[in-house]
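Structure first, then comments.
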Amino acid sequence: MNRVQKEWNLLRNTLPQDIFVVVYEDRCDLMQAVIKGPQGTPYADGLFFFDIQLPPEYPEMPPRVHYHAHGDRLNPNLYENGKVCLSLLGTWSGTSVESWDPKKSNILQVLVSIQGLILVPEPFYNEPSYEQYRGTAEGIRASKQYNESALLLTLQSILISCKNAPVHFKDLARVHYKEVRERLLERSALKLQEARAESADQSEDGSASLGFVLSLERILSKLQAAMASLE
């Protein structure tokens, strides 16, 4: 219990401004977290929700983390079934430096790692075998296509969390989306404009596909309506 209390105090005093955690009053081993998608990534301005459980063996064993995926996989490390692949959690192969250390590792480190190592500008390269393609024409093209898919799924998740955020974060979600809706819609509209131009010019390597353009048009229309309905 002393270790858990220390964890709570650490979270209360040192959480980054884009990460929020709620601890269940009647279950000290359960908590929920939300991470805001970093700017400059396909996840920008999205809200990503996680359930966290401390196993009986904690801290000898890492926490169990479940991602609210809504059946979509918008990142190589975030599975459709909610699995979070991270070496710190023991769910991803990593070096001893990245592995869980009962004496040093903590929940804050896990959350910061998810934000900084998973929600990245080019998630395509999160797959270890794909790192070799970084900087190549093939890698650039594949990374761009992956980002298009990640953006569509992120916007879809925004539509869901805008109306159906976890109960502890409903107010936070409403306030957040009211604050970012203008830039979110402007950025999405600009992306659509760029994608249309690229799709029309098929000579450009890695140009946006017509499918991406049509999907973004549909989602943007729904997103505009959802943002306008916020009180």
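Annotation note: of K170, K178, the sole residue that is in contact (Cβ under 8 Å) with a residue 12 or more places away in the chain, among the charged types (D, E, K, R) and either farther than 23 Å from H68 by Cβ or out of contact with any helix residue (DSSP H, G or I) (no Cβ under 7 Å at 6 or more places or on another chain) (or both) is K178.
Within the stretch 219-231, being over 22 Å from the mean Cα position of the chain (by Cα) and assigned to a helix (DSSP H, G or I) holds for S221, A225, A228.
Here L88, L78 are screened, and the one residue that is assigned by TED's automatic domain parsing to the domain that holds E7 and without any contact (Cβ under 8 Å) to a residue 40 or more places away in the chain is L88.
Of all residues assigned to the stretch 130-145, at least one qualifies as being surrounded by fewer than 17 Cβ atoms within 10 Å (Cβ to Cβ), on the phi < 0 side of the Ramachandran plot, outside the structural domain of D51 (by TED's automatic domain parsing) and part of a loop (DSSP other than H, G, I, E, B).
Would you confirm whether or not the stretch 139-149 contains a residue that is of a type in the set (A, V, I, L, M) and closer than 30 Å to K178 by Cβ? Within the stretch 139-149, none of the residues are of a type in the set (A, V, I, L, M) and closer than 30 Å to K178 by Cβ.
Applying a threshold of 6 Å to beta carbon distances and a minimum spacing of six or more residues, or different chains, the list of pairs starting in the stretch 40-51 at a residue that is modelled with pLDDT of 95 or more and ending at one that is in a strand (DSSP E or B) reads L47/V34; F48/I35; F49/V34; F50/A33; F50/V65; F50/Y67; D51/Q32; D51/H66. Within the stretch 121-163, the set of residues being more than 12 Å from P42 (Cβ to Cβ), touching a residue at least 24 places away in the same chain (Cβ under 8 Å) and small (G, A, S) comprises A137, S161. No other residue among A137, A165, A173, A150 is among the aliphatic types (A, V, I, L, M) and farther than 24 Å from R218 by Cβ apart from A137. Taken over the stretch 164-191, the criterion of being of a type in the set (S, T, N, Q) and over 12 Å from A44 (Cβ atoms) is satisfied by N164 alone. Looking at E186, E198, just one residue is surrounded by 13 or more Cβ atoms within 10 Å (Cβ to Cβ) and of a type in the set (D, E, K, R), and that residue is E198.
The values are calculated or read from the model by the stated rules, or taken from the named source; none is laboratory data. Everything numeric in this text was worked out from a predicted model, so none of it was measured. With ideal geometry, Cβ positions are generated from the backbone for all residues, glycine too; neighbour counts draw on all protein chains shown.
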